[in-house]
Amino acid sequence: GKSTLAHLLAGRKLYAFIHKESFKKLIDTEERLEGFTIAHGKVSDTKTPNKCIVDDVVVIDCPGFNDTSILQE
């Protein structure tokens with residue numbers, strides 16, 4: 001959710017779609033921020049903080065607390 005919010009705050013257009021296998025509603029964008037990933041699985045994808053600057057606004061995406069990728073290592 002944090003990476004998705006980062007894309008929204010940076011003014012990227014988001015769209016919803018239904019996953020073909022799980023039938024879950026997911027959100028994505030066609031205008032990815034460099035270094036930012038919107039993951040759709042159960043494993044976290046953000047491993048290091050990323051930042052971008054859009055119209056004088058700094059958006060920072062960080063790994064979450066109890067990040068699943070850290071727990072698996």
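From largest accessible area down, sort 5, 14, 26, 33; use a 1.4 Å probe on the protein chains.
Ranking 5, 14, 26, 33 by accessible area, largest first, yields 5, 14, 26, 33.
Under a 1.4 Å probe, what is the accessible area of the range 1-55 per residue, stated in Å²?
Accessible area per residue, the range 1-55: 77 Å².
Before anything else, pin down the relative contact order of the range 23-63: Cα pairs under 8 Å, at least 6 apart, normalised by residue count, whole percent.
After rounding, I find 30 percent.
Could you pull out the chymotrypsin sites (Phe, Trp or Tyr not before Pro) across the range 2-43 that fall in loop regions by DSSP (anything but H, G, I, E, B) with no more than 16 other Cβ atoms inside 10 Å?
The qualifying sites are 23.
For the cross-link pairs 25/47; 2/47; 2/51; 2/25, which exceed 20 Å when the distance is taken from alpha carbon to alpha carbon?
In this structure, 25/47 lie more than 20 Å apart at Cα.
Can you sort 13, 2 by 1.4 Å-probe accessible area, starting with the largest?
So the residues, ranked largest to smallest area, are 13, 2.
Considering Cα pairs under 8 angstrom that are at least six residues apart, work out the relative contact order of the range 1-53 and quote it in whole percent.
30 percent
The values are calculated or read from the model by the stated rules, or taken from the named source; none is laboratory data. None of these values were measured; they are calculated from a predicted model. Methodologically, a virtual Cβ is constructed for each residue, glycine included, from the backbone with ideal geometry; neighbour enumeration extends over all protein chains shown. Surface accessibility is based on the protein's heavy atoms, side chains included, excluding ligands, DNA and RNA. Shrake-Rupley method; radii C 1.70, N 1.55, O 1.52, S 1.80 Å.
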